[in-house]
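A.B. asks: First the structure, then my questions, so here it is.
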Amino acid sequence: MKEAKQRSTCPVSTSLDLLGDKWTLLIIRDLVFGGKSTYGEFLQSAEKIATNILADRLTLLETQGMLTKVVAPDKKSKFIYRLTEKGIDTVPILVTLLLWGVKHGPTVIDPGLLKEIQTEPAAAIEKYQRLVREKALLPLE
């Protein structure tokens with residue numbers, strides 16, 4: 001898979017070229033808030049992503065430098081996905097989308113997470129960026 005073609009130099013357009021697909025954002029959400037890191041875990045998400053779409057988006061995210069893929073130590077046919085710094089930079093976007101979605105549509109969210117994000121969004125962003133960074137540094141299980 002090759003990198004997405006940039007449509008224009010507008011910053012909003014550039015961001016959408018990288019993140020404008022719902023599946024891409026949901027995979028990143030699962031990495032940040034769901035603690036998921038394997039293909040099988042992503043398939044278990046409530047949105048029921050198709051296997052071909054998931055494989056495509058994971059490859060695209062890796063190609064774009066948003067995540068890394070390494071072979072799992074317990075099974076050579078299994079991969080572990082972790083966000084890079086570029087991917088970690090999307091946490092504020094996810095928090096903003098989460099708050100917007102709660103405000104403007106029917107949603108289901110962990111009440112603790114919602115309270116944390118609504119009360120101190122900047123602190124929540126910092127916390128989740130730190131947690132994802134720490135996970136990226138852990139040895140593979």
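Throughout, read-outs are computed from the coordinates displayed, never taken from laboratory work. What you are looking at is a predicted structure, and each value in this text was computed from that prediction instead of being measured. Cβ coordinates were reconstructed from backbone atoms using ideal geometry, including for glycine residues, and neighbour counts include every protein chain displayed.
A.B. asks: Counting Lys and Arg as +1 and Asp and Glu as -1, each charge on the Cβ, what is the dipole of the chain about the Cα centre in debye, to the nearest 20?
C.D. replies: 260 debye
A.B. asks: Just want the ordering: Glu134, Glu85, from fewest to most Cβ atoms lying within 10 Å of their own Cβ.
C.D. replies: Glu134, Glu85
A.B. asks: Just want the ordering: Val108, Val102, from fewest to most Cβ atoms lying within 10 Å of their own Cβ.
C.D. replies: By the 10 Å Cβ count, ascending, the order reads Val108, Val102.
A.B. asks: Same structure, new question: Quick check for me: using +1 on Lys/Arg Cβ and -1 on Asp/Glu Cβ, what's the dipole size of the range 58-99 about its Cα centre, in debye to the nearest 20?
C.D. replies: Dipole of the range 58-99, to the nearest 20 debye: 260 debye.
A.B. asks: What pairs from Lys48/Lys78; Lys48/Lys135; Lys22/Lys103 go past 23 Å between their alpha carbons?
C.D. replies: The pairs that break the limit, which is 23 Å between Cα atoms, are Lys48/Lys135.
A.B. asks: Counting other beta carbons within 10 Å of each Cβ, put Ile27, Ile117 in order, fewest first.
C.D. replies: In order of increasing Cβ crowding within 10 Å: Ile117, Ile27.
A.B. asks: Over the chain, with a Gaussian network built from C-alpha contacts below 10 Å, which listed residue (Gly87, Gly65, Gly105) shows the highest mean-square fluctuation?
C.D. replies: Most flexible of the set in this elastic network: Gly105.
A.B. asks: In Å³ and rounded to a whole number, note down the convex hull volume per residue for the Cα atoms of the range 70-141.
C.D. replies: With only Cα atoms used, the range 70-141 gives 118 Å³ per residue.
A.B. asks: A follow-up question, please. Specify the residue with the greatest mean-square fluctuation among Leu25, Leu43, Leu83, computed from a Gaussian network of the chain linking alpha-carbon atoms under 10 Å apart.
C.D. replies: So, out of Leu25, Leu43, Leu83, the one fluctuating most is Leu43.
A.B. asks: Can you give the helix-only mean residue ellipticity at 222 nm for the chain, where every DSSP H stretch with n ≥ 4 adds -39500 (n - 2.57) and the sum goes over all residues, rounded to the nearest 500 deg cm²/dmol?
C.D. replies: -17000 deg cm²/dmol
A.B. asks: Moving on to the next point. Once the other residues with Cβ under 14 Å from the Cβ of Ser45 are scored (Lys, Arg +1; Asp, Glu -1), what is the net sum?
C.D. replies: +2
A.B. asks: Further question on the same structure: Each label point is 7 Å from the Cα along the Cα-to-Cβ direction; what then is the distance between the points at Ala122 and Ala46, in nm?
C.D. replies: 3.0 nm
A.B. asks: Please report the projected area of the range 11-137's Cα convex hull averaged over all directions, in nm².
C.D. replies: Value for the range 11-137: 8.3 nm².
A.B. asks: Which aspartates and glutamates, if any, have their Cα less than 17 Å from the Cα of Lys76, not counting same-chain residues under 8 positions apart?
C.D. replies: By straight Cα distance, Lys76 reaches Glu41, Glu141.
A.B. asks: What is the percent of Cα-Cα separations in the range 1-54 that go past 13 Å?
C.D. replies: In whole percent, the share of Cα-Cα pairs in the range 1-54 beyond 13 Å is 63.
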